[in-house]
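Student: Encoded as structure tokens, here's the structure I'll be asking about.
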Amino acid sequence: MKKKIFTAVLTAILAVSTVGCTTSAPDQGTTAPETTQPAQAQTQPEDGGNADTSSAETVSSEPKILKAAASFAYGSIDVHKEYYGWYTSIYGVSEALFKMDENMSAAPCLAKDAVADGRVWTITLNDGGAFSNGTALTADMVVKNLDRAAQVNERFAYLADFDMTVIDEKTITIDTGDVYPTLKNDLASPELGMMDLEGTTDFDNAPVCTGPFVIKSFQPEGDVEVVKNENYWGGNVKLDGAIFYYMQEDDPKLLAMQSGEIDCYNSVTSAALAVYSQDPDQYRVVSIPGARLQFYFLNEKTLDDAVREAINLTVDKDAIAAYLSGTVSAAVGPFNPSAAYGKVTVPAVDTAKAKEVLEADGYTPGSDGFYEKNGKKLTISIKYYAARSLDILAILIQEQLKAVGIDSVLGVEEDPDSTYLANGDFDLGLYCMIADKAGDPFYFIESVFKDGSYYDCNGFDDAKCEELIGQLKNETDTAKIASLTNEIVQIAIDDNAYGFAGLFNKTTVLRAGVTGFAEDIPFDFYGIDAQTDIQ
Amino acid sequence: MIKKVLKRILTLVVILVILSFFVFALMYIAPGDPAEKRLTSQGVAVTKKVLDAERERLGLMKPFLVRYGEWLFSIIRGDFGISFKDDMPVAPKLLQGLGRTAVLALTSLAVSLITSFLFAVASVLKKDGIADRIIKVFSFVSNSLPNFLISVLLMYFLCIKLKLFPVIAKGDLKGLLLPVLSLSIPMIGRFIRQMRAEFLSEMSKDYVAGMRGRGVKTGYIMFNVIRNSLGHIFTIIALQTGTLMGGSVVIETIFRWPGIGKLVMDSITARDYPVIMGFVVIMGTIYLIINQIADVLSHRLDPRPES
């Protein structure tokens, strides 16, 4: 008898421990629904439990608080330092003089205009621009902000070389020394957001800015809570506040969305996309080509022209995009094809022609099906790093090359910049970077195509290209910039020095009724603004 | 006694210096540049001029031995330095993370020890019975499940299906439960197997047969068996505590628990050497102290000279 009782008790303990040992805590049962705002419960009946008239009546009286997941969090929210300005911009706290719009153009924000006359830019501020403490934004404060950004952020140190002059309360001139066509785009950088340098006492935790929201609480490397800026210069702010939960992992984001604890987030994975797409009444998914580019360098020092051409004729970007199920769009060049500077062409995928090109160059199919020349098998080294789906891309490219008879060996590195890009030890080197920082194609061209640039690692060197880059640097006319950009990129494409595989889609999921989470803007550094709303 | 303590402290210091030198050297040899990681963390390219200026500012242009020497002298003065990632002081970061991880690790350890101890005793007392078999299956399965899978399963069933917990945990007691469970379940399985084996080994000794022959009650025999196994159990605890303090990064990330494991993983990715080195010093010290305590306790519990 004792034995049986003991066995029964033991089995019960085991069962309880296996399911979590916590089912007896009654107060915990009320917690998850509490975290969901009534406004959101309208679109998620299972959370509210009783989605009846009475609960609906309370919706309008409750504050509208948006809850979002953020993939990154930092120890500071000093707008000018590092990339923290990206996050104060996402939180709706800081604004720059200009703001990038959905057409990749720098639209007016705190400044209403910027006009270049040779090397001198005249910037006129908007009349009503003011900080959340009511202090007006003056031309003098703008200059002080730009000076500070140059001091504390190495990437903007070049601003210190510019001669900035306050003309009047709302007008500044900036003499850039040389012609600097992209200053307006630079001034749209979120790191150049405006802070009240005299009114801010704690730059790392509570900067006083001009955005539609102000910081309510900031946990270093944790969650951030903002509330409506009652003094917002740009008009009415629809939300009462927002909470940004720091969530790195994808699965918890999906689960939090399902449990109604968050209302929206960016960078949705393909697995989560499949879940959301099954319930379009609950979730709205917006996917647009972003500014982050997946591409590969073809090493001109180790691969001859025919092999590079054959590789580019073989790599099927549409098949890759389809495999990555909605997270990337097939690229043509490095820039969004809808932009004026994204109009380039690439030869269509043609594996038969790829074989012809190889055979014309003296390659013959070997007994194992792979091409060889002078008794040496054609084997290329594909280097990649396991981020931004480049690991999948590497495997897909390997399979596609294998199908035409090009053997390849995959090599993974943790840090591409210090390894294969630095020493050139690759035939095909995969990389991912932001190609379009702020509607400025020159940034990518100067970083990748220019002789001696940071990413000059594959031996691409073209005199005509260098000449055009020199012209582009000083060009101020928008149409001419687009034309020169297209010409430069086309040279690189025709030389088969690169392969532009895909543009990462900016994929946002929003609970039904949530609008204005910058879901239609391709840049990563925008989030909530005055128009963000929960219906 | 004082001499013995001083000797142990001296050993600890020497080990820490050697350990820190090797870790510093490994980081120096390994590819990766903190300045480049910092400047391009969002995928934005920089010019070589900007990169060089940042390297200079972070002191990365100095020779290896100079950098190590400067770091060592700073540590001796109690200065853990400034983070390469965000220019914040390293010590508060580490201490905050350490405190959080200690809460998580020690709670998980306590839950695991109590549960596994009860199951291991039951398993030994009812060897080859139904209870023993159930416990063995449980220990095998739970030991085989990876932490991340347990975490997601717990979240799915307890947060989504049963709605007992929020997915987004706060840093309170309720927020602690799911990460503790996720860490404890595999640990319970591991502890049961180790304790059961130790208890069974002790049960097979002559003194147990003698006690049985003299008709001593099972409870008293078990008390002696457990007491004689404590040395081994302390060793298990010591090893597991160290592992938990540094190895709960997956759980910390999934449950948004801002512990030291997650901090260090982020620091390794960012090549944030001051944080990594601070972690090595702190964790090395903790490991060594725990092992010294386990040594002393084992010796006190079983004072027989080691053969």
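The values are calculated or read from the model by the stated rules, or taken from the named source; none is laboratory data. Just so you know, these numbers come straight off a predicted model, no measurement behind them. Ideal geometry is used to build each Cβ from the backbone, glycine not excepted, and the neighbour counts take in all protein chains shown.
Student: Would you check which residues across the stretch A:415-440 are among the acidic types (Asp, Glu) and more than 7 Å from every other protein chain (Cβ to nearest Cβ) and list them?
Tutor: A:ASP425, A:ASP427, A:ASP436, A:ASP440
Student: Conditions: (1) away from every other protein chain (no Cβ under 14 Å); (2) among the charged types (D, E, K, R); (3) touching a strand residue (DSSP E or B) at 6+ places or on another chain (Cβ under 7 Å). A:ASP477 meets all but one. Number of the miss?
Tutor: (3)
Student: Also, I was wondering about something else. Does B:VAL216 qualify as being farther than 23 Å from B:LEU106 by Cα and surrounded by fewer than 17 Cβ atoms within 10 Å (Cβ to Cβ)?
Tutor: Numbers: farther than 23 Å from B:LEU106 by Cα: yes; surrounded by fewer than 17 Cβ atoms within 10 Å (Cβ to Cβ): yes.
Considered against the rule, which asks whether it is farther than 23 Å from B:LEU106 by Cα and surrounded by fewer than 17 Cβ atoms within 10 Å (Cβ to Cβ), B:VAL216 comes out as yes.
Student: Would you say B:SER83 is assigned by TED's automatic domain parsing to the domain that holds B:ARG212 and hydroxyl-bearing (Ser, Thr, Tyr)? Outline the logic, then answer.
Tutor: On the way: assigned by TED's automatic domain parsing to the domain that holds B:ARG212: no; hydroxyl-bearing (Ser, Thr, Tyr): yes.
Criteria not met by B:SER83.
Student: Give the residues of the stretch B:162-171 that are more than 7 Å from chain A (Cβ to nearest Cβ) and either of a type in the set (Phe, Trp, Tyr) or more than 21 Å from the chain's Cα centre (by Cα) (or both), sorted by residue number. If you could, list the steps in order and put the result at the bottom.
Tutor: Narrowing the stretch B:162-171 to residues more than 7 Å from chain A (Cβ to nearest Cβ): B:162, B:169-171.
Once the filter is applied, which keeps residues that are more than 7 Å from chain A (Cβ to nearest Cβ) and either of a type in the set (Phe, Trp, Tyr) or more than 21 Å from the chain's Cα centre (by Cα) (or both), the stretch B:162-171 yields B:LEU162, B:ALA169, B:LYS170.
Student: Filter the stretch A:231-254 down to residues that are without any contact (Cβ under 8 Å) to a residue 40 or more places away in the chain and surrounded by fewer than 22 Cβ atoms within 10 Å (Cβ to Cβ), then give me how many there are.
Tutor: Matching residues across the stretch A:231-254 total 3.
Student: Give the stretch A:257-276 a look and list any residue that's within 13 Å of chain B (Cβ to nearest Cβ) and assigned to a loop (DSSP other than H, G, I, E, B), or say none.
Tutor: A:SER259, A:GLY260, A:GLU261, A:ILE262, A:ASP263, A:SER267
Student: Kindly list the number of the only condition in (1) surrounded by 21 or more Cβ atoms within 10 Å (Cβ to Cβ); (2) without any contact (Cβ under 8 Å) to a residue 12 or more places away in the chain that fails for B:ALA197.
Tutor: B:ALA197 satisfies every listed condition except (1).
Student: Which residues, taken from the stretch A:456-474, are surrounded by fewer than 20 Cβ atoms within 10 Å (Cβ to Cβ), part of a loop (DSSP other than H, G, I, E, B) and within 14 Å of another protein chain (Cβ to nearest Cβ)?
Tutor: A:ASP456
Student: Still on this model: Please determine, by comparing only the residues of the stretch B:33-43 that are buried (at least 18 other Cβ atoms within 10 Å of the Cβ) and either without any contact (Cβ under 8 Å) to a residue 12 or more places away in the chain or farther than 10 Å from A:GLU154 by Cβ (or both), which one is farthest from the other protein chains (Cβ to nearest Cβ).
Tutor: Filtering first and then ranking leaves B:PRO34.
Student: Just the residues that are hydroxyl-bearing (Ser, Thr, Tyr) and either modelled with pLDDT of 90 or more or crowded, with 18+ Cβ neighbours inside 10 Å (or both), please, taken from the stretch B:219-242.
Tutor: B:TYR220, B:SER229, B:THR241
Student: With a cut-off of at least 1 residues that are in contact with a Cys (Cβ under 7 Å, 6 or more places away or on another chain) and modelled with pLDDT under 90, name the strands (runs of 3 or more DSSP E) lying wholly within the stretch A:37-143.
Tutor: none
Student: Looking at the structure I just gave you, is A:LEU254 at pLDDT below 95, assigned to a strand (DSSP E or B) and within 14 Å of another protein chain (Cβ to nearest Cβ)?
Tutor: In short, no.
Results for (1) more than 28 Å from A:ILE406 (Cβ to Cβ); (2) in contact (Cβ under 8 Å) with a residue 40 or more places away in the chain; (3) of a type in the set (Gly, Ala, Ser), shown as yes or no for each residue.
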residue	(1), (2), (3)
A:TYR431	no, yes, no
A:GLY439	yes, yes, yes
A:SER453	yes, no, yes
A:ASN458	no, yes, no
A:ASP520	yes, yes, no
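Student: In addition: So B:GLU54 clears everything in (1) within 12 Å of another protein chain (Cβ to nearest Cβ); (2) in a helix (DSSP H, G or I); (3) surrounded by fewer than 17 Cβ atoms within 10 Å (Cβ to Cβ) except one condition, right? Which one?
Tutor: The failed condition is (3).
Student: Hey, another quick one. I'd like to know if the stretch A:310-326 contains one or more residues that are within 14 Å of chain B (Cβ to nearest Cβ), surrounded by fewer than 18 Cβ atoms within 10 Å (Cβ to Cβ), assigned to a helix (DSSP H, G or I) and modelled with pLDDT under 95.
Tutor: No; the residues of the stretch A:310-326 include none that is within 14 Å of chain B (Cβ to nearest Cβ), surrounded by fewer than 18 Cβ atoms within 10 Å (Cβ to Cβ), assigned to a helix (DSSP H, G or I) and modelled with pLDDT under 95.
Student: A follow-up question, please. Identify the residue in the stretch B:96-145 that is without any contact (Cβ under 8 Å) to a residue 60 or more places away in the chain and not in a helix (DSSP H, G or I) and, among all such residues, is surrounded by the most Cβ atoms within 10 Å (Cβ to Cβ).
Tutor: For the stretch B:96-145, the residue satisfying everything is B:LYS126.
Student: For the structure I just gave you, tell me whether B:GLY171 is assigned to a loop (DSSP other than H, G, I, E, B), on the phi > 0 side of the Ramachandran plot and surrounded by fewer than 23 Cβ atoms within 10 Å (Cβ to Cβ).
Tutor: Criteria not met by B:GLY171.
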